[in-house]
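The values are calculated or read from the model by the stated rules, or taken from the named source; none is laboratory data. In this text, all values refer to a predicted model and were calculated from it rather than measured experimentally. Cβ atoms come from the backbone with ideal geometry, glycine included; neighbour counts cover every protein chain shown.
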Amino acid sequence: MKERNTKIGFVLVLVVLVIGLVVAGTVLAGSPSKRSEAPVFWSWDFESGNTDNPVGTSDLVRTDDGISGNYMTDVLRPGNTATLWFIVFNYPEECAAGPYMCSPYDLGPDAAAKGDFLVASGHVIGGDGKGNFGGHLNAGDTSGSGYAEVNCPDTWDCAPGLIDPKGALVVLAVHDHGPKQSGQVLKEQISSFLGGCDGPFNGNEFGFATGLEDIPDAEGECSTIQFSPHMPD
């Protein structure tokens, strides 16, 4: 369980830096929706605050009922499998380190921020290295919770899910599951957090890549490699 709990730490990079990297949302004319655009960063650039090396873009649309995201990057490892995740902190003003300074300590139903991370989509990366992902998350839907998968696999009751679509701090993140496998393993690689991952994850102790060398290149290796933050209005 200790190893599994450590795996949720890949979102540690959200602390402080998310405030400086985010691109503010804009309200769509004549619509109750709110849309924001943001750059995509390698996890190590995101952690260091290097904003000179974006590797893609993402957009997020919020309504009262849920969120929808699109994520585009073209520097992923061909032949690997990858999933896109919605990392949500429903009450980011309540994050333990300070307002909007969210970290793994803010995940779970017992945290004041009520954080969670939920799968959006996944696929095998083609020969051009492009990763074009899209997904939707309804408020109250906890069925794709990676937090529940890691911490309470026998029940979904511990997953906060998305509670406040318009008020949540949302980060879109790409998790690399290593080379494409087959059968049930492949299905898990493109639909779950631990699919194809033998652990411990590549990268630092929290499971996010600290350089190109940490991008998985063998079966069983996994790491979270890219992030794109969206602050609420």
Every listed condition ((1) surrounded by 20 or more Cβ atoms within 10 Å (Cβ to Cβ); (2) touching a Ser or Thr at 6+ places or on another chain (Cβ under 6 Å)) holds for G195 save (2)
Checking R77, R62, R4 in turn, the sole residue that is at pLDDT below 95 and charged (D, E, K, R) turns out to be R4
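Mind counting the residues in the stretch 70-87 that are closer than 10 Å to G135 by Cβ and surrounded by fewer than 24 Cβ atoms within 10 Å (Cβ to Cβ)?
Our first condition is that a residue be closer than 10 Å to G135 by Cβ; within the stretch 70-87, this holds for 70-71, 83-86.
So of that shortlist, the ones also surrounded by fewer than 24 Cβ atoms within 10 Å (Cβ to Cβ) come out as 70.
Total meeting the criteria: 1.
For the stretch 38-59, name all the residues that are buried (at least 16 other Cβ atoms within 10 Å of the Cβ), of a type in the set (D, E) and without any contact (Cβ under 8 Å) to a residue 60 or more places away in the chain.
Within the stretch 38-59, the first condition is being buried (at least 16 other Cβ atoms within 10 Å of the Cβ), and the residues that meet it are 38-47, 54-56, 58-59.
Keeping just the survivors that are of a type in the set (D, E) gives 45, 47, 59.
Once the filter is applied, which keeps residues that are buried (at least 16 other Cβ atoms within 10 Å of the Cβ), of a type in the set (D, E) and without any contact (Cβ under 8 Å) to a residue 60 or more places away in the chain, the stretch 38-59 yields D45, D59.
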Note: among K166, K187, K180, just one is free of Cβ contacts under 8 Å to residues at least 24 places away in the same chain and among the basic types (K, R), namely K187
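For the stretch 143-165, give me each residue that is part of a loop (DSSP other than H, G, I, E, B) and under 30 Å from V75 (Cα atoms). First the steps, then the outcome.
Quick first cut of the stretch 143-165, residues part of a loop (DSSP other than H, G, I, E, B) only: 143-144, 152-165.
Within the stretch 143-165, S143, G144, G161, L162, P165 meet the criteria.
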**Prompt:** Scanning for something closer than 27 Å to D45 by Cβ and in contact with a Ser or Thr (Cβ under 6 Å, 6 or more places away or on another chain), does the stretch 153-171 turn up at least one residue?
**Reply:** no
Considering the stretch 132-158, residues that are farther than 20 Å from G199 by Cα and touching a helix residue (DSSP H, G or I) at 6+ places or on another chain (Cβ under 9 Å), and then whichever is modelled with the lowest pLDDT, we arrive at W156
